[in-house]
Amino acid sequence: MNPADGSANGAQLQSKEYRDLLDVVDRLRNQGLSRYVDLPQIIVCGDHQDNLCTRFATELILRRAPVAGIDISISPGSDRTEDEQATLEAFTYTGTLETLDLGLSGPSQPHLTLVDLPGLFLAGNKDQSEQDAALIEKLAKSDFALQQRTLGLITKPDTLDQGSDSEQFYIQLAQNKDVHFGLGWHVLRNRTYAERNDSAAARDAAEADFFSNGVWTSLKPSQLGLPSVLEDVTEGIDECRATLQQLGTPRVTSAEQRRHLLKVSARWSEMARAAIDGTYTDSFFHEAADRRLRAVMQKTLAAFAKEMHLKGHAKNIIHYSDEEDSDDDMPGPHVIRRSTYIDEVKMLMVDSRGRELPGTYNPLIVAELFRKQCKPWHGMVRSVLESTFHAASRTTESILQHAADEETATALLSIVVAPAMEVIRAGLWSEADKILKPHILGHPITYNHYLTDNVQKAQAQRLRLKLEEQLKSFSNTSELSSSPMNYKLDMLKLFDKLTVRMEPDMDTCSCSMAIDMMEAYYKVALETVIDSVSTLAVERCLLQKLPGILNPEVVCELPDDIVSRIAAEGPESVAKREQATEKLAVLEEAMVELRRLGTLGGQGTEGVTAV
């Protein structure tokens, strides 16, 4: 590395601060951290500057060893013959690209591998041909790209001309679109010659200022500078602890297994109650909207109420006058004119005639008309209850998977939760039948004053329409003068006009009254059914029963053999716990080293990112 560009030379790597830093990384490797956290080798790649460039890939391998030594070799390309490979051992440059391996070992050497590739360039020049450019790109894309722990590092981005093809080329490279590395690419601004004596803080500030402008702002912040091992270790520790918490303590005896299920049931009941109460403070509810059960129920039942009002009636009776359009012009399959509907009711009344006087109707006719009108209710109620039950089942399973390890959750679902949900489902259908049965099979009963209100409003509306027609008819006769100033009105003739019999046919009159009563009762019963489905079925028979299907009392009553079937650890859980425990121990030990490194003077944990 060249000290003029601000990178560390051999003397700097052996300074106390860097020795402490690299010693920490060395210990992290020895502790096995590289199995869980990438401690990357660094691939340095830049453009050609000042007529100086790397003519072939150089791999510098530093290794800790008791005796100092230097090993230098050339790794020939895979397309070389045996004779060519022997020739390359004499370090003769033949114009093709190979990899020069330099191995330095000794007591003071850290475990560190750096690879310096020839600079990537877009076209040939007097020093390197276009074939060389293709070979360099091929080399970058081959062996090193196959290593999942390889980190690409682009240096000297500030030497590129703004808006140039070279700048765009390196932007695409940094985005991992051309040469793909498992750990991606990072961009690092080096110290310039004038900045060679600047502090690390000043270098970082200059780098941050450079990346805050131009095309470099399109890169993710994590690609600028080098990734932090400390962050990876912290995330790994959190993941291990979460895994171990979900697995619970080892459970071999019946008491340990029951204790495990008690913890799971307590957590499950708590989360189920929160889902029902709409208390979404736990992070569990932030991952998916369908876990917020109360919100899902509110939305579903509101849609149900709206649909019942729009489509709950078998026939949509339109109150048009006889002079208006015919039935064939009416929109919708269930739409019928009131006059046509009255004719249908007349026929029904003839078949249902009892001892009632002419002009009146048999009360049973209202019940029969209502049963036909509310026929869609049964299917609509079943549909909404299916929706609410499935929503509750999805939330139940999600909570179970969150509260328990996979094996325990699967066993609990099949042995305890699913059978309990089927019992709830049967109770839900039973309650639905209880709600609908009085309306479908019984006779209309209500003491709600809105019944008479609805009847009177309907009759008043029809009377108003008739009076408007009479007044319009009266205003077109000679009884009114043509001049507003000479407005004359014959009150007696007007009264005669308004008091003429509205409906001379007694059967039509009785049918109309029966229809008014049926429609009024339908409106009252509709609201009753909507509220009953929401409160008696969904709320009481579904939601309020959910927390009880897996509460601690249920676990306490389970026989020992069932507890063993559910909570006994399988090979997968045992292996998963051992793996998480081992990984956690390595990461926690590494964290101690990293925190100790943070207390070293002037180095800080940021030094870990520069390895």
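Examine the range 218-240 for a residue that is over 18 Å from Lys156 (Cβ atoms), open to solvent by 70 Å² or more (accessible area, probe 1.4 Å), assigned to a loop (DSSP other than H, G, I, E, B) and modelled with pLDDT under 85, and state whether such a residue exists. Looking through the range 218-240, at least one residue is over 18 Å from Lys156 (Cβ atoms), open to solvent by 70 Å² or more (accessible area, probe 1.4 Å), assigned to a loop (DSSP other than H, G, I, E, B) and modelled with pLDDT under 85. Checking Ala420, Ala404, Ala432 one by one, the residue that is under 23 Å from Val563 (Cα atoms), in contact with a His (Cβ under 9 Å, 6 or more places away or on another chain) and in contact (Cβ under 8 Å) with a residue 24 or more places away in the chain is Ala404 and no other.
In this structure, does Ser564 turn out to be of a type outside the set (A, V, I, L, M) and within 31 Å of the chain's Cα centre (by Cα)? Here the answer is no, as Ser564 does not meet what is asked.
If you check Ala295, Ala305 for being in contact (Cβ under 8 Å) with a residue 12 or more places away in the chain and either more than 30 Å from Leu369 (Cα to Cα) or not in a helix (DSSP H, G or I) (or both), only one passes: Ala295. Looking at this structure, is Cys556 open to solvent by 10 Å² or more (accessible area, probe 1.4 Å), within 30 Å of the chain's Cα centre (by Cα) and in contact (Cβ under 8 Å) with a residue 40 or more places away in the chain? Spelling it out, it is not the case that Cys556 is open to solvent by 10 Å² or more (accessible area, probe 1.4 Å), within 30 Å of the chain's Cα centre (by Cα) and in contact (Cβ under 8 Å) with a residue 40 or more places away in the chain. Take the conditions within 30 Å of Arg382 (Cα to Cα), β-branched (Val, Ile, Thr) and assigned to a helix (DSSP H, G or I) and apply them to Thr581. Does it pass? No.
One line per residue, one yes/no per condition, for (1) part of a loop (DSSP other than H, G, I, E, B); (2) at pLDDT 95 or above; (3) open to solvent by less than 10 Å² (accessible area, probe 1.4 Å); (4) within 26 Å of His286 (Cβ to Cβ):
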site: Ala367; (1), (2), (3), (4): no, no, yes, no
site: Arg371; (1), (2), (3), (4): no, no, no, no
site: Lys375; (1), (2), (3), (4): yes, no, no, no
site: Gly379; (1), (2), (3), (4): no, no, no, no
site: Leu385; (1), (2), (3), (4): no, yes, yes, no
site: Phe389; (1), (2), (3), (4): no, yes, yes, yes
site: Ala392; (1), (2), (3), (4): no, yes, yes, yes
site: Gln401; (1), (2), (3), (4): no, no, no, yes
site: Thr410; (1), (2), (3), (4): no, no, no, yes
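Filtered by the rule that a residue be surrounded by 16 or more Cβ atoms within 10 Å (Cβ to Cβ) and either closer than 19 Å to Asn213 by Cβ or at pLDDT 85 or above (or both), the range 174-191 gives Ala174, His186, Val187, Leu188, Arg189, Asn190, Arg191.
For the range 173-207, a residue qualifies if it is in a strand (DSSP E or B) and either under 30 Å from the mean Cα position of the chain (by Cα) or not β-branched (Val, Ile, Thr) (or both), and the qualifying residues are Trp185, His186, Leu188. Among residues of the range 158-169 that are closer than 19 Å to Tyr193 by Cβ and of a type in the set (D, E, K, R), those with a beta-carbon under 6 Å from a residue that is assigned to a helix (DSSP H, G or I) and open to solvent by less than 90 Å² (accessible area, probe 1.4 Å) at least six positions away or on a different chain give the pairs Asp158/Phe210.
The values are calculated or read from the model by the stated rules, or taken from the named source; none is laboratory data. The structure presented is a predicted model; accordingly, all values stated were derived computationally and were not measured. Don't worry about glycine lacking a Cβ; one is built from the backbone with ideal geometry, like all the others, and counts go over all protein chains shown. Areas reflect the complete protein model, heavy atoms only, side chains present, ligands, DNA and RNA absent. Shrake-Rupley method; radii C 1.70, N 1.55, O 1.52, S 1.80 Å.
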